[in-house]
Amino acid sequence: MKPFNDLTGQQFGFLRVIAHAGTDRHRRRKWRVHCQQCGWTVTVLASNLLSGRSKSCGCTRWAKAKFRMEFLTLVERCSKLQEQGLTEEQAIAEFKRQLNGYYE
C-alpha cells in the first residue's frame, strides 16, 4: 500500500483527527475523530474529511431536526388557536401564556 498523508491533529469542521483507524473492506482509509461540539469520538473515511462532506459527528443534524420540529409544533398550535376565532396577535399571546405555564 502506498504511503498516505497523516491527518492526525488536523481540524475538519467540528472534527479533530485523533488517530488512523485502519481501512475498510474497500481499502479506504478511516480516521478516529473527536467532535469538538459534543465530545463524541467516531470513525470517518479520509475522503469524507478531505472533501468536506463530514464536518461533525451528526450532533448538528439532530439539533437542527429538533429545532425544526419545535418550530412546526409552534406553527401548528398558533393555527389551531386562529381556527378558534382568535386574531394572530391574540393567538401568539395565548401561546406565550401557555409556554410560560409549561416551563415553570
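Between a first residue in segment 1-23 that is not assigned by TED's automatic domain parsing to the domain that holds Gly52 and a second residue that is at pLDDT below 90 and part of a strand (DSSP E or B), which pairs have beta carbons less than 7 Å apart while being 6 or more apart in sequence or on different chains?
No pair meets every condition.
Quick check, is Ser56 among the polar types (S, T, N, Q) and either at pLDDT below 90 or closer than 30 Å to Gln98 by Cα (or both)?
Criteria met by Ser56.
State all residues of segment 24-40 that are touching a residue at least 12 places away in the same chain (Cβ under 8 Å) and not charged (D, E, K, R); if no residue qualifies, say none. Give the derivation first.
Going through segment 24-40, the residues touching a residue at least 12 places away in the same chain (Cβ under 8 Å) turn out to be 24, 27-38, 40.
Those that are touching a residue at least 12 places away in the same chain (Cβ under 8 Å) and not charged (D, E, K, R): Trp31, Val33, His34, Cys35, Gln36, Gln37, Cys38, Trp40.
The values are calculated or read from the model by the stated rules, or taken from the named source; none is laboratory data. Keep in mind that this is a model prediction, so the values were computed, not measured. Backbone-built Cβ (ideal geometry, glycine too); neighbour counts: all protein chains shown.
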